[in-house]
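Participant: Just passing along the structure, written as structure tokens.
The values are calculated or read from the model by the stated rules, or taken from the named source; none is laboratory data. It should be emphasised that the depicted structure is a prediction, and the values quoted were computed from it without experimental measurement. Cβ placement follows ideal geometry from the backbone for every residue including glycine, while neighbour counts extend to all protein chains displayed. These area figures cover heavy atoms from the full protein model, side chains too; ligands, DNA and RNA do not enter into them. Shrake-Rupley method; radii C 1.70, N 1.55, O 1.52, S 1.80 Å.
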Amino acid sequence: MSITNESELAGMKKISEAVAYALKEMKNFAKAGISTKELDDFGGKILENMGARSAPFLTYGFPGYTCISVNNEFCHGIPSEKTILKEGDLINIDVSAELDGFWSDNGASFVIGEDINQHQKLIEASKGILKKAISNIKGGVRISDIGHLMEIEAKKKGYKVIKNLTGHGVGRSLHEEPHEIANYRDRFNMQRFKKNSVVAIETFISTTSTIAETLEDGWTMVGNKGGFMAQHEHTIVVTDGKPIILTEMNEIWN
């Protein structure tokens, strides 16, 4: 969507604060010994208390309030009573929701407890790449140039990017124009970021894979060559200068 007045900006701020707060609290609540279903129910209750409704459930009938992916699962993991979090697990939580006709999206990867499996380096790379990408976005900038920057930064740090997962426009629905904000230079994408547009910028930084494939459950995605992936995501408003980071309250850069 494009922000055309103060009430639209206020609506986007309200839903963005809801998803950001839910993500932050879920991150704090996550610990070894609890199930991903327990974690999802906790997040779902926060959204409900703020008047927000789960976007993946509303849009796709997803079997959970949020997407929770653990270890080799890259994204769209289904919350389950059978999946018990363990010390050192790499976990990704993606929280998106709707409130009063406005939609927002954010996500983060982090380690449960001690980093005994050495995932933190990958996580820090993903966070840093997201920060650099967002700081370079303004009206008129080519979407493919930001993708190129993300891929170059990933390569510098010894990582790859997933080429079939992308950021996207958001605001009046979960996925809007521009439909693909890739993590690499897509030379066929001639689109530019537009001032006042709302977009979800996300990283997909991986250790070995470049393509994400869907498992038999129809939702969970894993790497075509295995390995691990870190994702971090903010919803922003594009301006002539520094973007407005609507989901800043999630504190993923802290």
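Participant: Let me know the charge dipole size of the range 126-254 about its Cα centre in debye, to the nearest 20, where only the beta-carbon of Lys, Arg (+1) and Asp, Glu (-1) is charged.
Facilitator: Numbers: 18 positive and 15 negative charges, 139 e Å.
Dipole size: approximately 660 debye.
Participant: While we're here: Considering the chain as a Gaussian network with a 10 Å cut-off on Cα pairs, which listed residue, L58, L174, L99, attains the greatest mean-square fluctuation?
Facilitator: Looking only at L58, L174, L99, the biggest GNM fluctuation is shown by L58.
Participant: So if I take the centroid of the Cα atoms in the range 166-242 and the same for the range 73-107, what is the distance between those two points in Å?
Facilitator: 15 Å
Participant: Mean separation of Cα pairs under 8 Å and 6+ residues apart, divided by the residue count of the chain: what relative contact order is that in percent?
Facilitator: 23 percent
Participant: Roughly speaking, what is the stretch gain from A10 to D100, that is 0.36 nm per residue apart minus the C-alpha to C-alpha distance, in nm to one decimal?
Facilitator: Working: separation 90, 0.36 × 90 = 32.40 nm, distance 1.09 nm.
Length gained, A10 through D100: 31.3 nm.
Participant: Moving on. From the backbone phi of the range 101-113, what are the Karplus-calculated ³J(HN,Hα) couplings (6.51 cos²θ - 1.76 cosθ + 1.60, θ = phi - 60°) in whole Hz, Gly and Pro given as x?
Facilitator: Coupling constants for the range 101-113: x, 10, 10, 8, 8, 7, x, 7, 10, 7, 9, 7, x Hz.
Participant: Mind grabbing the accessible area of K45 for me, 1.4 Å probe, Å², rounded to tens?
Facilitator: Solvent-accessible area, nearest 10 Å²: 110 Å².
Participant: Could I ask something else about it? If you take the square roots of the eigenvalues of the alpha-carbon gyration tensor of the range 52-180 and sort them as a ≥ b ≥ c, do you get rounded (a/c under 1.5), prolate (a/b over b/c) or oblate?
Facilitator: Oblate, since a/c reaches 1.5 and b/c is not below a/b.
Participant: Ignoring ligands, DNA and RNA, what percent of the 1.4 Å accessible area of the range 125-224 is carbon and sulfur? Don't jump to the answer; show the numbers that get you there.
Facilitator: Working: 2210 of 4570 Å².
Carbon and sulfur atoms account for 48 percent of the accessible area of the range 125-224.
Participant: Using only the Cα atoms of the chain, build the gyration tensor, take square roots of its eigenvalues as a ≥ b ≥ c, and label the shape rounded, prolate or oblate: rounded if a/c is under 1.5, else prolate if a/b is larger than b/c, else oblate.
Facilitator: It comes out oblate by the Cα gyration axes.
Participant: Same structure, new question: Kindly write out, for the range 247-253 in residue order, the coupling ³J(HN,Hα) from the Karplus curve 6.51 cos²θ - 1.76 cosθ + 1.60 (θ = phi - 60°), rounded to whole Hz, with x marking Gly and Pro.
Facilitator: For the range 247-253, the Karplus curve yields 9, 4, 4, 6, 6, 5, 8 Hz.
Participant: Would you work out what percent of the accessible area of the range 1-65, with all protein chains in place, is carbon or sulfur (probe 1.4 Å)?
Facilitator: Carbon and sulfur together cover 52 percent of it.
Participant: Among H175, A52, N164, whose Cα lies farthest out toward the positive end of the dipole of the chain, if unit charges sit on the beta carbon of Lys, Arg (+1) and Asp, Glu (-1)?
Facilitator: Ranked along the dipole, the leading option is N164.
Participant: Ranked highest first by the average count of other Cβ atoms within 10 Å around their residues, in what order do 230-241, 150-161, 70-81, 114-125 fall?
Facilitator: Sorting 230-241, 150-161, 70-81, 114-125 by mean packing, highest first, produces 230-241, 70-81, 150-161, 114-125.
Participant: What residues have an amide H closer than 5 Å to that of D105, excluding those fewer than 5 places away on the same chain, when H is modeled at 1.01 Å from N in the peptide plane?
Facilitator: T235
Participant: If you don't mind, there's one more thing I want to ask. Would you mind working out the accessible area per residue for the chain, using a 1.4 Å probe, and quoting it in Å²?
Facilitator: With the other protein chains kept in place, the chain gives 44 Å² per residue.
Participant: Follow-up question, since we're still on this one. Run the paramagnetic zone check for M50: 7 angstrom along Cα to Cβ, then residues of the range 66-99 with backbone nitrogen under 12 Å.
Facilitator: What the label zone holds, given the 12 Å backbone N cut-off, is 95-99.
Participant: Cross-link partners among lysines for K155, C-alpha distance below 21 Å, same-chain residues fewer than 8 apart left out?
Facilitator: K155 reaches K121, K127, K131, K132, K163, K225.
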